[in-house]
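The values are calculated or read from the model by the stated rules, or taken from the named source; none is laboratory data. Note that the coordinates shown come from a computational prediction; the quantities given were computed from them, not determined experimentally. So basically every Cβ, Gly included, is an ideal-geometry build from the backbone, and we count neighbours across all protein chains shown.
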Amino acid sequence: MPAAEAVAGVLAGATGTEAVLLDARRRLLVGARADGGGAGPCAGCAGALDALAAELGRPLPARTRVTLGSEWVADALRDGRGLTRVAVIRAGGPLTGAVPPLWTWPAALRDATSAGAVVVDGGAEYDGHHPVALDAEAVLRFLDAAAGTAEAVAVVGVFSPIAADDELAIAELVHRELGRAMPVSLGHEVGSLGLLERENATALNAALTGPARVLATALLAALEERGIQADPFVTQTDGSAMVLDHAVRYPGRMLGHGSALAMHGAAWMSGVADGVVANDDGVRTDLGVLAGGLPREAPDDVVEIAGVRTTMRRPEVLRLAGELAPGATRAGALRGALRSFGLPRDQRTVVAVGAGAQDVAAALADTEGVEVVVPTDGAVAGALGAAHAVVAGQVEVFCERGGHAARAAVARAERTAVERAIHAGADPALVRVVEVEQRPLGYLVVPALRVHVRAEGPCL
């Protein structure tokens, strides 16, 4: 595939769209902002690309790689618009039926998305062995009943991050009975260890395939109209990128990316590796911590989305709304937020970006021990974060602590993370493992580890 002639980063949000164009050596050529996104899933992106071309004085190069951060999928979930009907299959019987699939969801969201749910015998134990065989006949009966209404299928097995056999077997049955075109979301590819949160994340991912396809079609049409031929990318929750086909399969990963993109862009512009990023869009201020040049992750990977508890690795972000409590001041709110992060005194550098960056700087001007940095192009920090986004692949596994088994499990996880990054669009020649995190697990008979591996590489 020919190398990109230029890179465009676009962040389309509720308060407007920002965009940047970099040359092949990643130097900033032009930037643009526009108020509002207009109608349609890609109107903001299309308008931003036109604005970049106007600033450049000529059409964008045909080999411009566009990386888009879009709120379209998140807005569809919030508004209940165009969601996909999902049939949920849990391999966890006979012991996990006390809380049925989707039981904890808000009723309106469940009614809008559910095409039925079933719990069948199957699943694994924490050590990977299968106490009961998968009830394939029950799966087939359920698929026969759901065939007329299901537009996607979510499959979750107990302890599938350790042993995904039953999920993979059910996926084969789904494709055999309902066709290869039927979207299937698998729990071990979407979520973490907790059964209900992983199941919720998997079902939400399946429900968002409809909006993701609408966005993909609109984005490809917008690029074709402008003569842009390079494969586009979209951004993920952690600020990394994935190729468009991958995004359609995993649309849940597009939720909540704005803060991470702004933090990546702020770090790149300012050169600050350790400190706080304050991203102010004129309505609200999001604060996050940079550690080693990367957003610090939230300590808990359980997050509520549209009233549903899910698992998702995401940056630690504190949001300050525009309306403050009576008697409070903007400066006081910002100072309190800085204290809540527990930063050492020698790391209290604040990088202020976004349309309201100067307001943040003014509010913190007299704060002792705080240095405020306002980058020249901070108004387009999120778009710069998108333009510079790498492609990531992550995997989480569980294994016995110590010995050959643990080393072998980590090695397998590293290979899987690299493979996932490549599938998401990373350059196979440049992808590498950048993080291996091991946490001991308690409350188990056998000492065990929770291992998280992340691989990254530049966009292909």
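Can you tell me which residue among 355, 365 is small (Gly, Ala, Ser), in a loop (DSSP other than H, G, I, E, B) and free of Cβ contacts under 8 Å to residues at least 40 places away in the same chain? Every option except 365 fails the conditions.
A quick yes/no check of all residues on (1) of a type in the set (A, V, I, L, M); (2) within 30 Å of residue 30 (Cα to Cα); (3) touching a helix residue (DSSP H, G or I) at 6+ places or on another chain (Cβ under 7 Å):
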{"site": "339", "(1), (2), (3)": "no, no, no"}
{"site": "342", "(1), (2), (3)": "no, no, no"}
{"site": "353", "(1), (2), (3)": "yes, yes, yes"}
{"site": "359", "(1), (2), (3)": "no, yes, no"}
{"site": "374", "(1), (2), (3)": "yes, yes, yes"}
{"site": "397", "(1), (2), (3)": "yes, no, yes"}
{"site": "425", "(1), (2), (3)": "no, yes, yes"}
{"site": "430", "(1), (2), (3)": "yes, yes, no"}
{"site": "434", "(1), (2), (3)": "yes, no, no"}
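When the residues of region 101-111 are filtered to those that are more than 20 Å from residue 164 (Cβ to Cβ) and in contact (Cβ under 8 Å) with a residue 40 or more places away in the chain, the one that is surrounded by the fewest Cβ atoms within 10 Å (Cβ to Cβ) is 106. Can residue 167 be described as in a helix (DSSP H, G or I), buried (at least 24 other Cβ atoms within 10 Å of the Cβ) and not hydroxyl-bearing (Ser, Thr, Tyr)? So residue 167 passes the test.
Conditions tested, residue by residue: (1) touching a strand residue (DSSP E or B) at 6+ places or on another chain (Cβ under 7 Å); (2) crowded, with 17+ Cβ neighbours inside 10 Å.
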{"site": "80", "(1), (2)": "no, no"}
{"site": "84", "(1), (2)": "yes, yes"}
{"site": "90", "(1), (2)": "yes, yes"}
{"site": "115", "(1), (2)": "yes, yes"}
{"site": "122", "(1), (2)": "yes, yes"}
{"site": "131", "(1), (2)": "no, no"}
{"site": "136", "(1), (2)": "no, no"}
{"site": "149", "(1), (2)": "yes, no"}
{"site": "163", "(1), (2)": "no, yes"}
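Yes/no matrix, rows are residues, columns are (1) outside the structural domain of residue 194 (by TED's automatic domain parsing); (2) surrounded by fewer than 19 Cβ atoms within 10 Å (Cβ to Cβ); (3) under 21 Å from residue 234 (Cβ atoms); (4) over 23 Å from the mean Cα position of the chain (by Cα):
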residue	(1), (2), (3), (4)
29	yes, yes, no, yes
40	yes, yes, yes, no
58	yes, yes, no, yes
64	yes, no, yes, yes
93	no, yes, no, yes
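Tallying residues that are at pLDDT 90 or above and either of a type in the set (A, V, I, L, M) or surrounded by fewer than 24 Cβ atoms within 10 Å (Cβ to Cβ) (or both) within region 1-11 yields 6. When the residues of region 337-365 are filtered to those that are loosely packed, with under 15 Cβ neighbours inside 10 Å and at pLDDT below 85, the one that is nearest to residue 258 (Cα to Cα) is 340. Among residues belonging to region 202-251 that are of a type in the set (Val, Ile, Thr) and in a loop (DSSP other than H, G, I, E, B), point out the one that is farthest from the chain's Cα centre (by Cα). The qualifying residue farthest from the chain's Cα centre (by Cα) is 228. Taking region 50-85 as the range and being within 19 Å of residue 425 (Cβ to Cβ) and hydroxyl-bearing (Ser, Thr, Tyr) as the test, the residues that pass are 64, 67, 70.
The condition (being outside any helix (DSSP H, G or I) and under 29 Å from the mean Cα position of the chain (by Cα)) is satisfied by just one residue among 379, 383, 389, 411: 389. Could you please let me know if residue 433 is without any contact (Cβ under 8 Å) to a residue 40 or more places away in the chain and of a type in the set (Val, Ile, Thr)? Yes: the conditions hold for residue 433.
For region 417-448, filtering for residues that are crowded, with 18+ Cβ neighbours inside 10 Å and over 17 Å from the mean Cα position of the chain (by Cα) leaves 3. Annotation note: Cβ proximity below 9 Å between a residue of region 303-316 that is at positive phi and a residue that is basic (Lys, Arg) (sequence gap 6+ or interchain) occurs for 306/78. Of the residues making up region 431-439, not a single one is among the polar types (S, T, N, Q) and closer than 18 Å to residue 250 by Cβ.
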